[in-house]
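The values are calculated or read from the model by the stated rules, or taken from the named source; none is laboratory data. What you are looking at is a predicted structure, and each value in this text was computed from that prediction instead of being measured. Note that we place each Cβ from the backbone using ideal geometry, even for glycine, and neighbour counts take in every protein chain shown.
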Amino acid sequence: MAERQHDRLLGIDTVGLREWRAKDTSYNRYEATPYRALEKLFRRYKFNSNDEVVDFGCGRGRVAFAIHHRFHVPITGIEANDKTFDELLRNKSRYREKARHISAPLRFEFGLAEHYNIRPTENKFYLFNPFSGKIFKQVVENIHNSLRKHPRPAEVILYYPLEEYKTHLRKNSFVLINKLRVPDAVDKYDKFLIYRYKPRRDRVQEKLRTNTKAHTIRQPI
């Protein structure tokens, strides 16, 4: 199904690109995650009723609306471009007309991703190459600090993952648990990587349990 047809089903308009006015900005242009990619993700990855999602650099809100509509979970989008944010709020108004039956909160905040104050209940974080590696590092450190202060299971979903992003995640106790290639992808970055938060102490304990199990000798009866 074409992008605009998917948009119409949700009552939104997310098609197109937008470059930042400043040429040296650390934030990348607006470009929505393709629906064909989201369909692949949703077939293999499920959000449950206990999840609270944050979409950093949410743009006009395609991913936020799609997740909210499909899984009925709370989601917050962060967007720093003022013109895009105005379009996002118009999309929200139209979407809510079609999704009145979904009670899960749907919030959008205008501001820089690295300044977002992560709630202690938020545990799923989505990013589609929204900004420079320097800003990504700050965002991941903010997530890590929140998880250390309020321990909870958490995962990061990257679409179009850059090497620098992966390095910052590994340094902050995130472990790769899944790779999802988008159908008919030509670009090697056209995929999802899913990382799970595993503090070092948890990984050490898991390794000890594995080693203990491997070396246990069953005594004859």
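Is at least one residue of the stretch 6-28 surrounded by fewer than 20 Cβ atoms within 10 Å (Cβ to Cβ), on the phi > 0 side of the Ramachandran plot and either in contact (Cβ under 8 Å) with a residue 60 or more places away in the chain or assigned to a helix (DSSP H, G or I) (or both)? Checked against the condition, which is being surrounded by fewer than 20 Cβ atoms within 10 Å (Cβ to Cβ), on the phi > 0 side of the Ramachandran plot and either in contact (Cβ under 8 Å) with a residue 60 or more places away in the chain or assigned to a helix (DSSP H, G or I) (or both), the stretch 6-28 yields at least one hit.
Of all the listed residues (Y116, Y126), the sole one being among the aromatic types (F, W, Y), more than 16 Å from Y30 (Cβ to Cβ), in contact (Cβ under 8 Å) with a residue 60 or more places away in the chain and surrounded by 15 or more Cβ atoms within 10 Å (Cβ to Cβ) is Y116.
F108: among the aromatic types (F, W, Y) and in a helix (DSSP H, G or I), yes or no? The answer is no for F108. Looking at the structure I just gave you, is I102 touching a His at 6+ places or on another chain (Cβ under 8 Å) and in a loop (DSSP other than H, G, I, E, B)? For I102, the condition - touching a His at 6+ places or on another chain (Cβ under 8 Å) and in a loop (DSSP other than H, G, I, E, B) - is met.
Per-residue answers, yes or no, for (1) closer than 25 Å to I135 by Cβ; (2) in a loop (DSSP other than H, G, I, E, B); (3) of a type in the set (A, V, I, L, M); (4) more than 16 Å from the chain's Cα centre (by Cα):
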| site | (1), (2), (3), (4) |
| --- | --- |
| R36 | no, no, no, yes |
| S49 | no, yes, no, yes |
| I67 | yes, no, yes, no |
| T76 | yes, no, no, no |
| T84 | yes, no, no, yes |
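Residues in the stretch 175-198 that are modelled with pLDDT of 95 or more and assigned to a loop (DSSP other than H, G, I, E, B): K198 only. Every test in (1) over 21 Å from I194 (Cβ atoms); (2) part of a strand (DSSP E or B) is passed by L127 save one, and that test is (1).
The criterion of being surrounded by fewer than 21 Cβ atoms within 10 Å (Cβ to Cβ), in a helix (DSSP H, G or I), of a type in the set (F, W, Y) and in contact (Cβ under 8 Å) with a residue 12 or more places away in the chain holds for F42.
Within the stretch 61-89, restricting attention to residues that are of a type in the set (K, R) and free of Cβ contacts under 8 Å to residues at least 60 places away in the same chain, the residue that is surrounded by the most Cβ atoms within 10 Å (Cβ to Cβ) is R62. Determine whether L106 is in contact with a Phe, Trp or Tyr (Cβ under 7 Å, 6 or more places away or on another chain) and among the aliphatic types (A, V, I, L, M). Answer is no for this residue.
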